[in-house]
1. Name the strands (runs of 3 or more DSSP E) wholly within segment 1-64 that hold at least 1 residues that are within 27 Å of I319 (Cβ to Cβ) and modelled with pLDDT of 95 or more?
2. Considering only residues of segment 196-246 that are of a type in the set (F, W, Y) and not in a loop (DSSP other than H, G, I, E, B), which is surrounded by the fewest Cβ atoms within 10 Å (Cβ to Cβ)?
3. So which residues in segment 47-63 are under 13 Å from G228 (Cα atoms) and out of contact with any Lys or Arg (no Cβ under 7 Å at 6 or more places or on another chain), if there are any at all?
4. Quick check: is even one residue across segment 403-416 acidic (D, E) and touching a residue at least 12 places away in the same chain (Cβ under 8 Å)?
5. Which numbered condition trips up V50, out of (1) under 20 Å from the mean Cα position of the chain (by Cα); (2) touching a residue at least 60 places away in the same chain (Cβ under 8 Å); (3) not assigned by TED's automatic domain parsing to the domain that holds H476?
6. Does V475 count as part of a loop (DSSP other than H, G, I, E, B), under 24 Å from the mean Cα position of the chain (by Cα) and of a type in the set (A, V, I, L, M, F, W, C)?
7. List the pairs whose first member sits in segment 84-109 and is surrounded by fewer than 15 Cβ atoms within 10 Å (Cβ to Cβ), whose second member is part of a loop (DSSP other than H, G, I, E, B) and of a type in the set (S, T, Y), and whose Cβ atoms are under 9 Å apart, counting only residues at least 6 apart or on separate chains?
8. All but one of (1) farther than 26 Å from A216 by Cβ; (2) crowded, with 19+ Cβ neighbours inside 10 Å hold for V48, so report the exception by its number.
Amino acid sequence: MSASTEDTVAVIGAGMAGLATAIRLAAAGYRVVVLEAQAEAGGKMRRVEVAGHGFDAGPTVLTMKWVFDALFHAAGLVTDDELTLVPSSVIARHYWRGGSRLDLHADLDETIREIDNFAGRREADGYRRFAADSRRTFEVLKDSFIDASRPNPVSLSRRIGLSRPGDLLAIKPFATLWSALGSYFSDIRLRQLFGRYATYCGSSPYLSPATLMLVAHVEQEGVWTVEGGIRALAEKLTSIAVGLGVEFRYGDAVHEIILDPSRRAVSGVVTRTGRKLDARQIVYNGDIAALPRLIGVPPADPNRVQAQRSLSALVSCSIAEPSGVPLAHHTVFFSDDYQGEFEAIFKRREPPADPTVYLCAQDRNAAGQLPAGHAGPERIYALMNLPADGDRRRLHESEVSTCLKSMEQRLALNGLTLSTGPVPANVTTPDRFASLYPGTGGALYGIASHGWMASFARPGSQGPVPGLYLAGGSVHPGPGLPMAALSGKLAAEQVMADRPLTRRSPRVVITGGISTERATAGVSPLP
């Protein structure tokens, strides 16, 4: 069936939010064209190769499975029929200087026993209270904030219910995460461990709100690895979108969003190579900081933008042989000076001398077991946090070497040695992230969640001009795969609310998935 310009919805960016938007709109009967600057879909769900071995170089696990269940359901599919998801028995392993270790488990009682053995009965009781309060925070905010259109403080209070002051106080809106953790834990190591949840949205635990403790419950509800890696999720969603009739145009970045002055609304886009697509509804799935340039308005003050940015990172993907302390799939090696680490990043805008290091042993299962028959080196993804200044400065080779050395030293102090072979690691620094994700300076999570108003600072799905909609990790409800997928849902719902489609029937993908060959049919080659 042919479709007019008025039927076309353009989606800029094929990251998680762009894919979620495209699937929901196409399933409802809209004609959707996705424009992606890179050569393939996925956004931050990217893959790199080292010596022929593929690495997930972005997100490594899936949480909030109910978000993806709803997305697959919108396409007439069932998540577990389309992907092989493996629940994680060990959520993460944590080490401190000298090799002291604590595992968080999917089983709450097992975690309580671990904390009791690690730090004593009082700390275990504190964790029990913390887990209960994180659950309550999540339950209060799930329908009122996370899975809902962007509120302001007044509307959020109304959604929660002014008659329920206990729920309003339960989310600790004015406390920092670090200060709130002090009411549960005396052991500084446990405050470090649970304070790390702030970094999941690129923030400092000393500045971010206590509501982020809800991440503890999100993990307790379930953490899954995807067979084939998170990249397999991106490929599956792309295939589903193509099966619903979505057209993908790769390798040609959008250069301008065209505004119709007579209507004061969007009318289409022009790409870097000069290709034009007419569309009266456009969903922008890029970082919000890059939007002013596309619509021809002055950008915000660059110093203020820089100050608001979330964390960037140095990511090293290498083939290595670990020795010393045993690894899980996710292992964190904590700095001796946690506060100093975040002061270096957010105050002095420099790499921390003693970083906390996150490792993902991508060949291991959640508990750290290697596949039967695996011997020798394995795929190791290592990350340290850095300032998001990639658009202002490039780390020189000597500075990258210093960062890698500081990571190596931290691992050694906590009991781990990584022996690498002759093949160099694939290293991504903030300037490279800034190039991959324009407007970000390398920030991987949009703006930092600092201060009690941070949750309301992200824009909602309605863009600054009529016909323009926003989705992605830099807008409400925030960063991370499930949050980005929810932002895509909210953007699609706003598109449909503004222009109900009555001329076309909704589409449904045939249960059982779509072949890779079929996916190529939705790709529009460059001229």
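The values are calculated or read from the model by the stated rules, or taken from the named source; none is laboratory data. Keep in mind that this is a model prediction, so the values were computed, not measured. Quick reminder, even Gly has a Cβ in these numbers, built from the backbone with ideal geometry, and neighbours come from all protein chains shown.
1. Strands (runs of 3 or more DSSP E) meeting the threshold: 47-50, 53-56.
2. W224
3. T60, V61, L62
4. Scanning segment 403-416 turns up no residue that is acidic (D, E) and touching a residue at least 12 places away in the same chain (Cβ under 8 Å).
5. Among (1) under 20 Å from the mean Cα position of the chain (by Cα); (2) touching a residue at least 60 places away in the same chain (Cβ under 8 Å); (3) not assigned by TED's automatic domain parsing to the domain that holds H476, V50 violates only (1).
6. yes
7. Listed by first residue and then by second, the contacts come to D107/S89.
8. So V48 meets the others, but not (2).
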